[in-house]
Amino acid sequence: MSTTRGLEGIVATTSSVSSIIDNVLTYQGYEIDDLAEHASFEEVVFLLWNGRLPKESELENLKAQLAEHSDIPSEIIEQMKSYPLNSIHPMAALRTAISSLGLYDAEADVMEEEANQLKAIKLQAKIPTIVTTFSRLREGKEPVSPRKDLGFAANFLYMLTGEEPEEISVNAFNKALVLHADHELNASTFTARVCVATLSDVYSGITAAIGALKGPLHGGANEAVMKMLNEIGSVENVEPYIRKAIDNKEKIMGFGHRVYKNGDPRAKHLKEMSKKLTEITGESKWYEMSVKIDELFTSEKGILPNVDFYSASVYHSLGIDHDLFTPIFAVSRTSGWLAHILEQYSNNRLIRPRAEYNGPGKQVYIPLEKR
Ligand code: CMC
């Protein structure tokens, strides 16, 4: 047996949900550049789940279903109030709340296709409400109920602040959601597929995926980028900070990728958005610092920014708390996780690889009193 560390380059499944071929990312055959420019997040959700773009009536129907299921059980709100609100990370809260949500769905373990599709709608509809409810509760505020007349992106921002967001914020947030929706067999999606391939339920699959996304080598990188930008503080400090990090062989968060070696195609959209939004907020320094880090690190190490790098300054400019960046990634990626979960169920085989043993050779058991 031979091993491939981190399963690099291993093709572990077939999937029609999304592809990365020659550095181009597509969702069901549609290039991410086109979708980022033109599509609403709801259209992308439909595309990922159905393999084609919706007709107008189908899109309206999906939006109505998402709105219908966007409230969360009062029990979940009460449970959240009992969390140690100010000492836990919102990703830990989200992981726990999504797992709890399964307790209040009588059909959680019903494995028929239709039941699983309904669970997909419910999860996609409720995850923004969970994230924003947690955020409000820890600020000592009342949760804001979802508004059924707002689109997905607008409603998220509305539930976060209690105020109807400006169009420019909604458009930027929608684009960020579109860009994060799916990404082939990334770590959290693989986790979701491994989990449900045991024929475990959809809630378990999404809970497991959230756990995998939480780590700083995956979704947690966007928050870590903002932490670094804060530490650096100014454009002048970029060069000494980055040079020292390079000398100390430290990782610069938001750079590098297992699959993309010529740059992440999503990064340019976020870079453009970062420029626009930081100009509007009058805080161009976040964009300027990011560009300087990008130029310096890329020229010194040849490692390019990934989706998480410029999304940090984008979300910051939208006034979002830094530790909510990764939960927002989860809100979007839930659409992809669900597409993969439904695909896994439709053609399931248990995922059970092997490990090459490198432990001790044959041992003789020594009774406790003789050790
Ligand atoms: N900073 C410094 N060096 C790096 C970085 C980085 N961000 N990324 C890779 N390298 C170096 C790494 O040290 C290694 O050097 P050497 O060959 O001298 O040991 C070389 O590049 C190859 O890297 P690797 O760690 O073997 O690559 P990987 O495919 O195992 O890891 C990665 C990919 C994304 C985990 C890694 O690039 C990383 O840790 N980046 C920082 C965290 C990050 O931004 N994560 C978000 C990933 S994209 C969004 C998502 O999917 O969640």
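Brief remarks on what is shown
- Three-way shape call for the range 221-317 based on the alpha-carbon gyration tensor, with the a/c threshold at 1.5: oblate
- Shape category assigned to the range 40-140 from the gyration tensor of Cα positions, a/c cut at 1.5: prolate
- Taking amide H as placed 1.01 Å from N in the peptide plane, the amide H of Lys148 sits under 5 Å from none that are at least 5 places away or on another chain.
- Value of relative contact order over the chain, rounded to a whole percent, pairs C-alpha under 8 Å and six or more apart: 22
- Links that overshoot a 24 Å alpha carbon limit, given the list Lys126/Lys276; Lys119/Lys268; Lys122/Lys148: Lys126/Lys276; Lys119/Lys268
- Listed residues Met111, Met80 arranged by accessible area, highest first, probe 1.4 Å: Met111, Met80
- Using a probe of 1.4 angstrom and keeping all protein chains present, the accessible surface of the chain works out to 49 square angstrom per residue.
- Pairs from Lys214/Lys275; Lys244/Lys285; Lys141/Lys285 whose Cα-Cα separation, in the structure shown, is over 24 Å: Lys214/Lys275; Lys141/Lys285
- Under the span-like rule (Cα at least 30 Å along the axis, Kyte-Doolittle mean at least -0.5), DSSP H helices of the chain: 113-138, 325-346
- Overall shape: rounded for the chain, with the ratio a/c of the largest to smallest alpha carbon gyration tensor axis below 1.5.
- As a calculated quantity, the FRET efficiency between Glu56 and Asn171 at R0 = 25 Å, using C-beta atoms, amounts to about 0.80.
- Fraction of accessible area attributable to carbon and sulfur, the range 221-317 (%, probe 1.4 Å): 49
The values are calculated or read from the model by the stated rules, or taken from the named source; none is laboratory data. All values reported here derive from a predicted model rather than from experimental measurement. FYI the Cβ positions are ideal-geometry reconstructions off the backbone, even for glycines, and counts take in every protein chain you see. These area figures cover heavy atoms from the full protein model, side chains too; ligands, DNA and RNA do not enter into them. Shrake-Rupley method; radii C 1.70, N 1.55, O 1.52, S 1.80 Å.
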